[in-house]
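Undergrad: Quick one: the structure is below, and I'll ask about it shortly.
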Amino acid sequence: MSVPTPAAAMAIRDSLEEEVLIALVRAAWLAAERSNAVTAAAGLSPSQYNVLRILRAAGRAGLSCTEIGARMVTRDSDLTRLMSGLARAGLVVRGIDSDDRRRSTNRITAAGRALLRRLDRDVADAATQSLGSLGRARLTALRDLLVAFAPPQPSELT
């Protein structure tokens, strides 16, 4: 049995590229719904959760807002405001870079790490609920296609 594409289901005649784009955006939205619900229940927006995960991976060195912005899954137009909110909540600490006093460095706090540890299993479960039915082979193929479409930038790999 053939499953209609989103465009075909809506009786829209688009190019293959437009159909793929529609399907991709719809799939991303549906996949994110569950994990966004988990983070929202903890009082975090998807962007705040993303920043905390980035800072946890950065370790003790921390990152500047520019470095965080380059690693974000989705771009936030006001990262400075977002960082200030996380700092007020005690989840990150902002400091002056010892090598360049014009640059601030952001680090995750113990409270931020603890919050992420509490969310890790639920976020992983949400991902499994959303995508697990695809199976390992199709998930691997999908990941490879998505990486080919949007390869990590050098700034995201450091």
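The values are calculated or read from the model by the stated rules, or taken from the named source; none is laboratory data. No experiment lies behind these values; they were computed from the predicted model shown. We place every Cβ from the backbone using ideal geometry, glycine too, and count neighbours over all the protein chains shown. Calculation scope for accessible area: heavy atoms of the full protein, side chains included, ligands and nucleic acids excluded. Shrake-Rupley method; radii C 1.70, N 1.55, O 1.52, S 1.80 Å.
Undergrad: Once amide H atoms are built 1.01 Å from N in the peptide plane, which residues 5 or more positions from V92, or in another chain, come under 5 Å H to H?
TA: Sorted by chain and number, the residues that satisfy this are A87, T109.
Undergrad: Under the 0.36 nm per residue contour assumption, what length would be gained going from the current alpha-carbon distance of A111 and T80 to full extension? Can you show the working numbers first?
TA: Numbers: separation 31, 0.36 × 31 = 11.16 nm, distance 1.99 nm.
So the extension gain works out to 9.2 nm.
Undergrad: Could you tell me the relative contact order of region 87-158? Use alpha-carbon pairs under 8 Å, at least six residues apart, and round to a whole percent.
TA: Details: 35 pairs, mean separation 13.3, N = 72.
RCO, region 87-158: 19 percent.
Undergrad: Determine the dipole magnitude for region 1-155: charges of +1 sit on the beta-carbon of Lys and Arg, -1 on that of Asp and Glu, nothing else is charged, the reference point is the Cα centre, and the result goes in debye to the nearest 20. Let's see the in-between values first.
TA: Details: 22 positive and 15 negative charges, 156 e Å.
The calculation lands at about 760 debye.
Undergrad: Can you tell me, using C-alpha contacts under 8 Å and at least 6 residues apart, the relative contact order of the chain as a whole percent? Walk me through the numbers on the way to the answer.
TA: On the way: 127 pairs, mean separation 35.9, N = 158.
About 23 percent, as a whole number.
Undergrad: Taking only protein heavy atoms and a 1.4 Å probe, what accessible area per residue, in Å², does the chain have with all protein chains in place?
TA: Values: 10790 Å² over 158 residues.
That works out to 68 Å² per residue.
Undergrad: Let me ask something additional. Summarise the long-distance tail of P(r) for the chain by giving the % of C-alpha pairs beyond 20 Å.
TA: Numbers: 7443 of 12403 pairs.
Counting every Cα pair in the chain, those more than 20 Å apart make up 60 percent.
Undergrad: Also, quick follow-up: Using a 10 angstrom cutoff on alpha carbons, build the Gaussian network for the chain and name the most mobile of D100, D120, D76.
TA: Ranking D100, D120, D76 by mean-square fluctuation puts D100 first.
Undergrad: Give me the percent of the accessible area of region 11-158 that comes from carbon and sulfur atoms, probe 1.4 Å, all protein chains in place. Before the final figure, lay out the partial values.
TA: On the way: 5630 of 9940 Å².
Looking at region 11-158 in its full context, I get 57 percent from C and S.
Undergrad: While we're on this one: Near the amide H of T105, under 5 Å away, which other amide H atoms are found, from residues 5 or more places off or on another chain, if H is placed in the peptide plane?
TA: Under 5 Å from the amide H of T105 lie the amide H atoms of G95, I96, D97, each far enough along the sequence or on another chain.
Undergrad: Where does the charge balance sit around S84 when Lys and Arg score +1, Asp and Glu -1, over other residues with C-beta under 12 Å from its C-beta? Provide the component values of the computation, followed by the final result.
TA: Numbers: positive: R81, R88, R94; negative: D78.
It works out to a net charge of +2.
Undergrad: Relative to the longest principal Cα axis of the chain, at what angle does helix 79-88 sit, 0 to 90 degrees, rounded to 10?
TA: 60 degrees
Undergrad: Give the peptides 129-136, 84-91 in descending order of average Cβ contacts within 10 Å, highest first. Walk me through the intermediate numbers first.
TA: Details: 129-136: 11.9, 84-91: 15.9.
Going by the mean number of other Cβ atoms within 10 Å, highest first, we get 84-91, 129-136.
Undergrad: Can I ask one more? Once you order the gyration tensor axes a ≥ b ≥ c over the Cα atoms, which shape class does region 42-82 get: rounded for a/c under 1.5, otherwise prolate or oblate by comparing a/b with b/c? Could you put the intermediate results ahead of the total?
TA: Working: a/c = 1.79, a/b = 1.20, b/c = 1.50.
Oblate shape, in that a/c is at least 1.5 and b/c is the bigger or equal ratio.
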